[in-house]
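Undergrad: Structure provided below as structure tokens; questions to follow.
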Amino acid sequence: MKQRFSKQELFAIRNNIPINTLIANILPSKYNEGFFRFICPICSQFQTSTDQKTNLSRCFNCKINFNTIEIVKYTKGLSFVESVYFLKKHFKNLLQKETRQSLDKFKQDAHQLKDSNKKINSIGSILQSITPELTNPKISSIKTHSLKCNQDEIIQRISNLEQQVRYLTTELKKIIASMN
């Protein structure tokens with residue numbers, strides 16, 4: 001049994017399995033006054049709630065927040081690793097569907113970014129085109145020197161950012177290739 005999981009696996013398990021669906025399958029639960037409530041696996045009280053935006057649950061009596069892995073861990077008495085395997089087994093179809101949708105969206109966004117990169121100049125070129133005052137001979141030499149130093153610093157920072165973007169693009173391509 002594998003003891004380590006990738007960040008992507010854990011992120012998908014924590015975020016792609018709806019907390020209400022999970023809790024409804026493993027704990028006594030009900031809707032009360034428009035809120036989804038469940039029995040806390042620690043104190044056995046119904047003073048609980050879930051937040052579908054963050055995909056977390058909370059016991060207001062214990063003052064503890066739970067994600068999907070922790071709910072399984074406390075409810076079933078499993079270790080972290082066993083809880084992850086439980087979720088992967090019982091929610092495999094849901095995880096695969098969500099992961100496919102996320103991957104498709106990611107590929108679409110990457111393709112659009114690739115197409116847009118073909119159509120635009122570098123950030124440094126754009127910056128130079130919007131600072132015509134540096135090439136205007138009517139500006140005093142002191143002001144020109146000050147602007148030139150400032151522009152050189154900005155251009156260097158932008159070049160560094162462009163280099164980081166290129167690196168991230170390469171890393172994203174590797175991730176996409178490994179998912180195919």
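Rule-based calculations on the coordinates, nothing more; no lab input. Since the structure is predicted, the reported quantities are computational estimates derived from the model, not experimental observations. We place every Cβ from the backbone using ideal geometry, glycine too, and count neighbours over all the protein chains shown.
Undergrad: Going 7 Å from the Cα of residue 82 along its beta-carbon direction, which residues of the range 1-43 have the amide nitrogen within less than 15 Å of the resulting point?
TA: Answer for this model: 1-3.
Undergrad: For the cross-link pairs 63/89; 7/173; 7/73; 63/92; 2/53; 30/53, which exceed 25 Å when the distance is taken from alpha carbon to alpha carbon?
TA: Details: 63/89 29 Å; 7/173 17 Å; 7/73 19 Å; 63/92 30 Å; 2/53 30 Å; 30/53 19 Å.
Over 25 Å Cα-Cα: 63/89; 63/92; 2/53.
Undergrad: Using the Cα gyration tensor of the range 7-93, with a ≥ b ≥ c the square roots of its eigenvalues, what is the shape: rounded (a/c below 1.5), prolate (a/b larger than b/c) or oblate (neither)?
TA: Numbers: a/c = 1.82, a/b = 1.50, b/c = 1.22.
In terms of gyration-tensor shape, prolate.
Undergrad: Something else now. Residue 55's amide H: which non-local residues (gap 5+, or another chain) put their own amide H closer than 5 Å, with H modeled 1.01 Å from N in plane and none for Pro or chain starts?
TA: none
Undergrad: Would you pull out the residues with amide H under 5 Å of residue 48's amide H, same chain only if 5 or more places away, H placed 1.01 Å from N?
TA: Sorted by chain and number, the residues that satisfy this are 38, 60.
Undergrad: Each residue of the range 61-78 in turn: what ³J(HN,Hα) in whole Hz from Karplus with 6.51, -1.76, 1.60 and θ = phi - 60°, glycine and Pro shown as x?
TA: 6, 7, 6, 10, 9, 10, 9, 4, 5, 5, 4, 5, 4, 6, 5, 8, x, 9
Undergrad: Next question. Go through the range 1-87 and name the GluC sites (Glu not before Pro) that are in a DSSP coil and have 12 or fewer other Cβ atoms within 10 Å of their Cβ. Don't skip to the end; give the middle numbers.
TA: On the way: sites: 9, 33, 70, 82; in loops: 33.
Those satisfying the criteria are 33.
Undergrad: From the phi angles alone, apply the Karplus equation (6.51, -1.76, 1.60; θ = phi - 60°) to the range 155-171 and give each ³J(HN,Hα) in whole Hz, x where the residue is Gly or Pro.
TA: Result, rounded to whole Hz: 4, 5, 5, 5, 4, 4, 4, 4, 5, 5, 5, 4, 4, 4, 4, 4, 5.
Undergrad: If you don't mind, another one. Residue 11 to residue 90: FRET efficiency via 1/(1 + (r/R0)^6), r the Cβ-Cβ distance, R0 22 Å, to the nearest 0.05?
TA: Working: r = 18 Å, r/R0 = 0.82.
Calculated value: 0.75.
Undergrad: Continuing with the same structure: Can you check what the net charge comes to around residue 70, using other residues whose Cβ is under 13 Å from the Cβ of residue 70 (Lys, Arg +1; Asp, Glu -1)? Intermediate results must be reported in sequence, preceding the final value.
TA: Values: positive: 14, 58, 73, 76; negative: 82.
Net charge around residue 70: +3.
Undergrad: Which distance in nm do the two modelled labels at residue 3 and residue 62 give, with both placed 7 Å along the Cα-to-Cβ direction?
TA: In this crude spin-label approximation the distance works out to 2.6 nm.
Undergrad: Also, quick follow-up: Less than 12 Å Cβ to Cβ from residue 37, Lys/Arg counted +1 and Asp/Glu -1: what total charge do the surrounding residues give?
TA: Values: positive: 30, 58; negative: 33.
With Lys, Arg at +1 and Asp, Glu at -1, the net is +1.
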